[in-house]
1. Evaluate the following for G80: is it more than 24 Å from D142 (Cα to Cα), among the small types (G, A, S) and surrounded by 15 or more Cβ atoms within 10 Å (Cβ to Cβ)?
2. How many residues, within segment 20-74, are of a type in the set (V, I, T), over 25 Å from G137 (Cα atoms) and in contact with an Asp or Glu (Cβ under 7 Å, 6 or more places away or on another chain)?
3. Among the residues of segment 195-214, is there at least one that is closer than 26 Å to Y55 by Cβ, in contact with a Gly (Cβ under 8 Å, 6 or more places away or on another chain) and among the hydroxyl-bearing types (S, T, Y)?
4. Going through Q49, Q11 one at a time, which residue ends up being in contact (Cβ under 8 Å) with a residue 60 or more places away in the chain, surrounded by fewer than 19 Cβ atoms within 10 Å (Cβ to Cβ) and of a type outside the set (K, R)?
5. Looking at segment 225-242, is at least one residue free of Cβ contacts under 8 Å to residues at least 12 places away in the same chain and either open to solvent by less than 10 Å² (accessible area, probe 1.4 Å) or part of a helix (DSSP H, G or I) (or both)?
6. Can you tell me which residue within segment 243-259, out of those that are β-branched (V, I, T) and outside any helix (DSSP H, G or I), is nearest to L194 (Cα to Cα)?
7. Select from segment 19-33 the residues that are among the aliphatic types (A, V, I, L, M), open to solvent by less than 40 Å² (accessible area, probe 1.4 Å) and either more than 20 Å from F150 (Cα to Cα) or in contact with a Leu (Cβ under 8 Å, 6 or more places away or on another chain) (or both) and list them in ascending order.
8. Being of a type in the set (A, V, I, L, M, F, W, C), surrounded by 16 or more Cβ atoms within 10 Å (Cβ to Cβ) and part of a loop (DSSP other than H, G, I, E, B) narrows it down to one of A279, A262, so name that one.
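The values are calculated or read from the model by the stated rules, or taken from the named source; none is laboratory data. Everything numeric here is computed off the predicted structure, so don't read it as measured data. When we count neighbours, we look across all protein chains shown, and the Cβ atoms used for this are built from the backbone with ideal geometry, even at glycine. These accessible areas exclude ligands, DNA and RNA; they are computed on the full protein's heavy atoms, side chains included. Shrake-Rupley method; radii C 1.70, N 1.55, O 1.52, S 1.80 Å.
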Amino acid sequence: MERKKASDFPQELLNLFDGYVHGQISRRDFMDGAQKFAVGGVTAAALFQMLKPNYAWAIQVPPDDKRIKAQYETVPSPRGNGSIKGYLVRPANETKLPCVLVIHENRGLNPYIEDVARRLAVANFIAFAPDGLTSVGGYPGDDEKGATLFGQVDSDKMREDFLASAMWLKSRPDGTGKLGAIGFCFGGGIVNQLAVRMGMDLAAAVPFYGAQPGAADTAKIKAPINAQYGELDTRITGGWPAFDAALTQAHVPHEGHIYKGANHGFHNDTTPRYDEAAAKEAWQHALDWFDKYLRT
């Protein structure tokens with residue numbers, strides 16, 4: 001299928017799809033709302049297919065790339081769901097390196113997130129991307145099924161699974177003990193929560209369009225935060241000014257970047273909401289932030 005851009009669709013339709021992705025409306029509601037944009041022989045169902053992820057587009061680093069070593073690992077999580085499985089990727093060399101936890105969106109460990117982990121390995125980090133859907137069988141290979149499964153997981157236990165993953169990764173003998181975290185959408189919110197809970201154990205955090213904690217929780221954060229937002233994603237980006245002020249009050253080093261004309265999900269290169277310029281700039285901010293705080 002030809003890759004479409006956000007500009008190929010009315011913003012109202014993109015917002016409608018965003019509501020579906022985040023569980024605010026059902027698929028049927030999306031179809032009903034999309035009907036008015038179904039013109040020129042394009043059906044609402046066809047629009048849905050155009051807006052859905054195409055994971056073939058996300059492969060920037062192939063799984064068998066000779067620069068990396070990748071495997072699946074299972075991490076004990078006694079306070080969570082017992083254990084959590086994830087994708088561990090590191091450069092092929094044997095040197096000790098800083099580690100980065102990668103937290104997925106609200107669909108589970110899909111091919112896009114696995115590719116993000118490989119991109120971090122190519123940038124000389126050890127990356128681990130846990131699958132929050134482990135307790136219900138793992139990411140099912142289909143985003144809609146993933147969304148259904150997501151609603152079946154105990155969210156408190158899933159958060160404990162992510163915390164267990166973070167501590168496991170930080171303590172790995174092939175790591176330096178310096179841990180960063182990056183997350184997207186739901187995962188961006190989890191990264192902010194980990195920063196609240198982990199204090200000095202988290203050395204740097206890069207949340208992409210993630211829900212922000214309140215001022216009382218933000219006061220507990222020690223990890224330098226570099227937050228990435230889309231200008232058109234008012235649902236999430238609207239929370240940045242208060243978060244910015246609370247981080248300043250807590251004396252936490254931080255930056256916030258709002259990309260003009262970008263939608264929620266702009267880094268995800270499997271959907272039309274992908275914004276190449278914003279994604280590349282935000283990714284460079286992430287790498288620079290991790291280089292600054294994890295390699296010293």
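1. Details: more than 24 Å from D142 (Cα to Cα): yes; among the small types (G, A, S): yes; surrounded by 15 or more Cβ atoms within 10 Å (Cβ to Cβ): yes.
Yes: the conditions hold for G80.
2. The qualifying residues number 1.
3. Yes.
4. Numbers: Q49 fails: in contact (Cβ under 8 Å) with a residue 60 or more places away in the chain.
Only one candidate qualifies: Q11.
5. The initial filter retains those residues of segment 225-242 that are free of Cβ contacts under 8 Å to residues at least 12 places away in the same chain, namely 234, 238, 241.
Restricting the remaining residues to those that are either open to solvent by less than 10 Å² (accessible area, probe 1.4 Å) or part of a helix (DSSP H, G or I) (or both) gives 234, 241.
Yes - at least one qualifying residue is present in segment 225-242.
6. Step one: list which residues in segment 243-259 are β-branched (V, I, T), which gives 248, 252, 258.
Then keep just the ones that are outside any helix (DSSP H, G or I); that gives 252, 258.
Values: V252: 15, I258: 22 Å.
It comes out as V252.
7. In the first step, residues of segment 19-33 are kept if they are among the aliphatic types (A, V, I, L, M); the result is 21, 25, 31.
If we keep only those that are open to solvent by less than 40 Å² (accessible area, probe 1.4 Å) as well, we get 21, 31.
The answer is M31, and nothing else.
8. On the way: A279 fails: part of a loop (DSSP other than H, G, I, E, B).
The match here is A262.
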